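Any read-out appearing in this document is the output of simple, stated calculations on the displayed coordinates, not a laboratory observation. Predicted model only: the values in this text are computed from it and were never measured. Here the Cβ is made from the backbone with ideal geometry for all residues, glycine too, and neighbour counts use every protein chain on show.
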Protein chains: 2
Amino acid sequence: MTNAYHNLCTTFTRLSRFEHLSAIAGWDMQTMMPAKGNVARSEAMAELNVLQHQILTNPQVGEWLQQAESETLNEIEQANLREMRRHYHNAVLLPEALVEAKSLAGARCEHAWRQQRIANDWNGFAENLREVVKLSREEAAIRAQAAGTSRYDALLNLYEPGTNSASLDSIFGDLKQWLPELLQKVTAKQAGEACLVPQGPFDLEKQRQLGLQVMNLLGFDFDGGRVDISVHPFCGGVPQDVRITTRYNEQEFLSALMGIVHETGHARYEQNLPRAWLGQPISHARSTAIHESQSLLFEMQLARSKEFLPLILPLVVEQFGEQPAFEMQNFIALNQRVKTGFIRVDADEVSYPAHVILRYEIEKALINGEIEVDDIPALWNEKMQQYLGLNTEGNYQNGCMQDIHWTDGAFGYFPTYTLGAMYAAQLFHAARSKIPELDRNIANGDLSALFNWLQTTIWQHGSHYSTAELITQATGESLNPRFFRQHLEQRYL
Amino acid sequence: MTNAYHNLCTTFTRLSRFEHLSAIAGWDMQTMMPAKGNVARSEAMAELNVLQHQILTNPQVGEWLQQAESETLNEIEQANLREMRRHYHNAVLLPEALVEAKSLAGARCEHAWRQQRIANDWNGFAENLREVVKLSREEAAIRAQAAGTSRYDALLNLYEPGTNSASLDSIFGDLKQWLPELLQKVTAKQAGEACLVPQGPFDLEKQRQLGLQVMNLLGFDFDGGRVDISVHPFCGGVPQDVRITTRYNEQEFLSALMGIVHETGHARYEQNLPRAWLGQPISHARSTAIHESQSLLFEMQLARSKEFLPLILPLVVEQFGEQPAFEMQNFIALNQRVKTGFIRVDADEVSYPAHVILRYEIEKALINGEIEVDDIPALWNEKMQQYLGLNTEGNYQNGCMQDIHWTDGAFGYFPTYTLGAMYAAQLFHAARSKIPELDRNIANGDLSALFNWLQTTIWQHGSHYSTAELITQATGESLNPRFFRQHLEQRYL
């Protein structure tokens, strides 16, 4: 190992240790912290963020990055250096004053939004959002100039390096051609099929036990992680100690259970990131969309399939006893029910992309300066009518105020949900073609071949390869949305 | 606010934010973290400790401390400056190499001790302990030279500023005169009294509920703290978010319950430290002994009294139902039972000081170079025979290997347990003389006057005054061990 590169590795190891503390303190904030701890915790975490930013953007790091270019590095080291460069440039571009202003405006907007959403107070929200958008546009302009891209693409690249809106326009344009019709056909078909809803209450401790059993089935390593409760389910912690969360509802247990399956997909990716490289940027999960591809592969491709559902039905009955809704065909129908609605996070996998495309189109126009904050409600209503046949006029809380993402300026994140769904379909299709008898294995409760294949093709590589390289190596081609369409048509028609 | 002092305040606020993260990550490590998280967490916390040490010992801090001497400061600011100076000098004295060597040797010794204690492996333990003692002596020598004290006194002052072994020798010498006889009398008296032991099992969730009820009765603020489970009970977190722990045993619930009372005493001190000064050293709890005085006041003076126990007995019966051991006189006798034994942490308040004096005498001689590690087992046995009539020859695991303190070099800590018991007795005596009808109030379930008095005399002052000033203001005199003797004689004879 040569000198500048070695110094960079030491610096990034140090950064990863502070990131560890940030991840655990952040998890605690969502799961354990009592209300009065909030201010002190926010201040402590902000102090840590400032420190991390200072360490990363130290001019010395920039010098080492330059020197390392001329050092003799093997292929792994070069990939690691590429990721180091990406993190450094993403951080060093922004003036500290803008970072701070964005952070403050985002915190203010998000904090007020919690109440404003309940009160359906668009005007109050819009006032804060205008400031967030203004600062996000400033950030986008700086990043766009450095990258030579459009403003929106510059933000998109923070979450999904290598993607641009030209390709998203094409992918989503295609989706818009066939999805509304598919959705209509599926809902018409399902309207003629009986589907009993399970009758609660469902004891929360029993729901928790059921969740643990399913996590176990899915290979979650309990010596390297845990599951707790939070308002918004997430996967946090660090690869050596992965913390997933869910939320329980006494009247309905499937959302919590499928939430656990979803987060377990994220968790297994984290738990299997390359151990030898931990602490270095090359060890990180590849991207937001690839991360989502793992959670959606677990939830949508695997767990809601007619092969897998019979594995968990006996566990459900063991906890809650028999009832008509737990007849096998009904249980499968329940987990494959398609029903359009206002709320993205409650959407099934067929209508979900419509929610994403709507947001993508609005946020792209917003960041590129083609529309203003005040244009959002009308556009939202127009697109909801067009894509899902729903009217959101005046209904801000279930319309354009339902998500947290824009409140703190996370523009460019939404598209990764649908990219993730597409990668998941493509990966599962490839797994099926590589693993003889995959569906039969699953039906027999043997998931080892699937998990080994994911470990070999995705998990163990961290950020060694670009997203395109990773997917091409795993599936033989780069992103191809036709597998997603094929999956939906096969499952739902 | 003037310049250098202002800069110091900013620096100490920053340090307190990192201390916040350290406290929460440390709490998580003991309560939540799965096994595989251990190495990464230890590394992350060590990195944070190094950072905190660097910030505190930055030469700039030394310069500001000097400049601030000549600035115009009010009395509060001067007290804060005094505490800043103490923290800075305690940290800056030690060469970084010694800090690191001590930390590594301590971690190695403690880690190995966990197994060695179980295996009763004195020789293995002694090998690691010799290194810890060697480094602690180096530390003590450096501190002693700077402070002009004996080596042991220099370490003692880290936990209990203002105390020295001359005064401890006198206090403990007096105790040794009357305690063995008292202990004999009490055990002889209690031998003639029947005392039924409650018959388990005691459901763990019911034990938890009982603990919450008692914490509530004792005024714990659940919006600013929580209670969880750990192997060794402790009080951690930060004043805005206090985390206490206990451990439950299905066969015996009183240890866990009284453990919760004890930690709630610590917690209320933390929850009521001066809000206006949080982040500054003046806001910290005064000392280890004063902290322990609060937990022991709650546990020994208050909760094990014949006035208080009738308040919690109905809660016990509500959770576990009636049984003969829950007859009132028996319940009181149970909670005031004196029984000598090998283990300090299981000791009653009458025999506890013997455990402390023994350790004090050995560690003082060890740090001052009068004995060596190899002399410990024989000395331990000799003193256990003398003070408690128990033989520990060859029984290392229940003798000189039972505590964690020496494994990582916390020499000077043990005496604060008994100082805390003495302060607790003195404070409770003062409260009784200041609050008319205190015992009757307690019996009626009205604890507000007691808590208000503690708030006024102790909690709200943080580190504003020295320990001697604080106690003199609260009780009219500095430490006077006669109140402790009086308490024991009144309760147990």
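Data table
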{"quantity": "For region A:384-493, the Rg and Dmax computed from alpha carbons only, in angstrom", "calculated": "18.2, 53"}
{"quantity": "Distance-filtered residues of region A:343-372 - backbone nitrogen under 15 Å, label point 7 angstrom along A:Leu493 Cα→Cβ", "calculated": "A:350"}
{"quantity": "Region B:138-203 shape via C-alpha gyration tensor axes, a/c threshold 1.5", "calculated": "oblate"}
{"quantity": "Charge dipole (region A:1-137, unit charges on Cβ, about Cα centre) - positive-most of A:Thr10, A:Ala101, A:Gln67", "calculated": "A:Ala101"}
{"quantity": "Long-range amide H partners of B:Ile229 with built H, under 5 Å", "calculated": "B:Thr246"}
{"quantity": "Net dipole in debye of region A:98-165 [+1 Lys, Arg Cβ; -1 Asp, Glu Cβ; about Cα centre; nearest 20]", "calculated": "80"}
{"quantity": "³J(HN,Hα), Karplus 6.51/-1.76/1.60, whole Hz, each residue of region B:424-440, x for Gly, Pro", "calculated": "4, 5, 5, 5, 5, 4, 5, 4, 5, 7, 8, 9, x, 6, 4, 5, 5"}
{"quantity": "Beta bridges per DSSP with both ends in the protein assembly as shown, % antiparallel, nearest 5", "calculated": "50"}
{"quantity": "Fraction of antiparallel bridges per DSSP, region A:222-318 only, in percent to nearest 5", "calculated": "50"}
{"quantity": "Rotational relation B to A, axis-closest Cβ in chain B, residue and distance rounded to whole Å", "calculated": "B:Leu21, 3"}
{"quantity": "Spacing of the two label points (7 Å from each Cα toward its C-beta) at B:His87 and B:Val197, in nm", "calculated": "4.7"}
{"quantity": "Residue-count net charge about B:Gly476 - beta-carbon cut-off 14 Å; Lys, Arg +1, Asp, Glu -1", "calculated": "+1"}
{"quantity": "Residue among A:Leu51, A:Ser167, B:Gly192 farthest towards the positive dipole end of the protein assembly as shown, charges placed on Cβ", "calculated": "B:Gly192"}
{"quantity": "Amide hydrogen neighbours beyond the local backbone of B:Leu390, cut-off 5 Å, H modeled", "calculated": "B:Gln385"}
{"quantity": "Modelled FRET efficiency - R0 51 Å, B:Gln251 with B:Ser466, Cβ distances, 0.05 increments", "calculated": "0.70"}
{"quantity": "For region B:451-465, 3J(HN,Hα) per residue [Karplus equation, 6.51 cos²θ - 1.76 cosθ + 1.60, θ = phi - 60°, Hz, x = Gly/Pro]", "calculated": "5, 4, 5, 5, 4, 5, 8, 10, 4, 6, 8, x, 9, 4, 9"}
{"quantity": "Label geometry 7 Å along the beta-carbon vector: A:Asn3 inter-copy distances in nm", "calculated": "3.9"}
{"quantity": "Anisotropy class of region A:24-176 from Cα gyration tensor, a/c 1.5 cut", "calculated": "oblate"}
{"quantity": "Teacher prompt: B:His87 distances to equivalent labels in other copies, 7 Å Cα→Cβ, nm", "calculated": "2.9"}
{"quantity": "Student exercise, the protein assembly as shown dipole from Lys, Arg, Asp, Glu Cβ charges, in Debye to nearest 20", "calculated": "340"}
{"quantity": "Proximal lysines to B:Lys206, defined as alpha-carbon separation beneath 23 angstrom and excluding residues fewer than eight positions away on the same chain", "calculated": "A:Lys206"}
{"quantity": "Angstrom value of the Kirkwood radius, inverse mean 1/r, which spans all Cα pairs in the protein assembly as shown", "calculated": "32.0"}
{"quantity": "√(5λ) per eigenvalue of the Cα gyration tensor, region A:279-399, largest first, Å", "calculated": "35, 23, 11"}
{"quantity": "FRET efficiency, 1/(1 + (r/R0)^6) with R0 60 Å, evaluated for A:Gln145 and B:Gln115 via beta carbons", "calculated": "0.50"}
{"quantity": "Chain A - Rg and Dmax from Cα coordinates, angstrom", "calculated": "22.8, 69"}
{"quantity": "Cleavage-rule hits, GluC sites (Glu not before Pro), region B:416-493, DSSP coil, Cβ neighbours within 10 Å at most 15", "calculated": "B:Glu437, B:Glu477"}
{"quantity": "Long-range amide H partners of A:Leu94 with built H, under 5 Å", "calculated": "none"}
{"quantity": "Ranking of A:Met45, B:Met215 by count of other Cβ atoms within 10 Å, fewest first", "calculated": "A:Met45, B:Met215"}
{"quantity": "Rounded if a/c under 1.5, otherwise prolate or oblate - region B:341-424, Cα gyration tensor axes", "calculated": "oblate"}
{"quantity": "Inter-copy separations for B:Gln60, label at 7 Å along Cα-Cβ, nm, ascending", "calculated": "1.5"}
{"quantity": "Phi-based couplings in Hz for region B:329-344 (Karplus 6.51, -1.76, 1.60; Gly and Pro marked x)", "calculated": "4, 5, 5, 5, 4, 4, 7, 10, 6, 10, 8, 5, x, 6, 9, 4"}
{"quantity": "Ascending count of other beta-carbon atoms within 10 Å, so fewest first, for B:Leu296, B:Leu479, B:Leu379", "calculated": "B:Leu379, B:Leu479, B:Leu296"}
